[in-house]
Amino acid sequence: MLPYPIGQSGVQFIRVLPILSLDYYNPKAAHLKEEFSQEIAGLATPTDDPIYIELHAKYVTNILYDYETRASSKLFRVAAIQFVRSYTASRHSCWEATCEPVFRDANTGLFHVPSEVQVPGSQVTLTHALQGYCLAEYANGTDAEPTYLPWVDQYISYFETSILPKYSQEDLGISVDAISGISNPGDVVSIFDTVTTRREDKALFLANETADSVDPISGDTDAAPNVKV
């Protein structure tokens, strides 16, 4: 196993030498080689960003009411947390709460995504129906600590204090844990399977909430949902 330094960055590649014949291979060397392979695999295993873990635990499945938007859809559920990288000086990279529109079923009190904004026969929400809200932005670059923004917390609080009380307890007939439409958080399907996500190679920030995001590669104006900051 030979390390090869690359440039001045200190990055190294590891080349694992092949075993030509097990009949003449030292068992101790084989054991050390297996241990080394496990160590390399452990180091290569990706880990979630601590900020992502924090934001995901705090926001995903929460219902919010955007009382500031001019759009007809004001009720949303946080479906995913995404890192949105900016490629322009006028917009900052940020952590975004990607939300799907929901409506309340009067019969059950649960909140569902309208079928007309889903891919037929699936639970995947169409891209143009998703709404993005900035949770934390990197005004001084991604090497610095992010600045947390208050908007999503305010919209969640407004829903809980002003909208939810309008639904009588008798009408709901369900526990608070089921408000989001998901009785068991463990039942939440991976966001990469259920939400049409936007990757870091797309410019997503929009000053105008009604404008479409533009894919910088394809130029597709429907490539990403609107982002509100």
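The values are calculated or read from the model by the stated rules, or taken from the named source; none is laboratory data. This structure is a prediction, so every number in the text was calculated from the model and none was measured. Quick reminder, even Gly has a Cβ in these numbers, built from the backbone with ideal geometry, and neighbours come from all protein chains shown.
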Item to complete: Among what's in region 115-131 and is closer than 13 Å to Val102 by Cβ and of a type in the set (Val, Ile, Thr), pick the residue that is surrounded by the fewest Cβ atoms within 10 Å (Cβ to Cβ).
Response: Val117
Worksheet item: Here are some residues: Glu116, Glu96, Glu100, Glu145. Which one is free of Cβ contacts under 8 Å to residues at least 40 places away in the same chain and under 30 Å from Lys166 (Cβ atoms)?
Response: Glu116
Worksheet item: Taking Thr69, is it at pLDDT 85 or above and in contact with a strand residue (DSSP E or B) (Cβ under 7 Å, 6 or more places away or on another chain)?
Response: no
Fill in: In region 101-137, the residues that are more than 30 Å from Asp49 (Cα to Cα), β-branched (Val, Ile, Thr) and part of a helix (DSSP H, G or I)
Val117
Discussion item. Just checking, does region 86-100 include any residue being more than 27 Å from Glu145 (Cβ to Cβ) and either part of a strand (DSSP E or B) or within 16 Å of the chain's Cα centre (by Cα) (or both)?
Written reply: yes
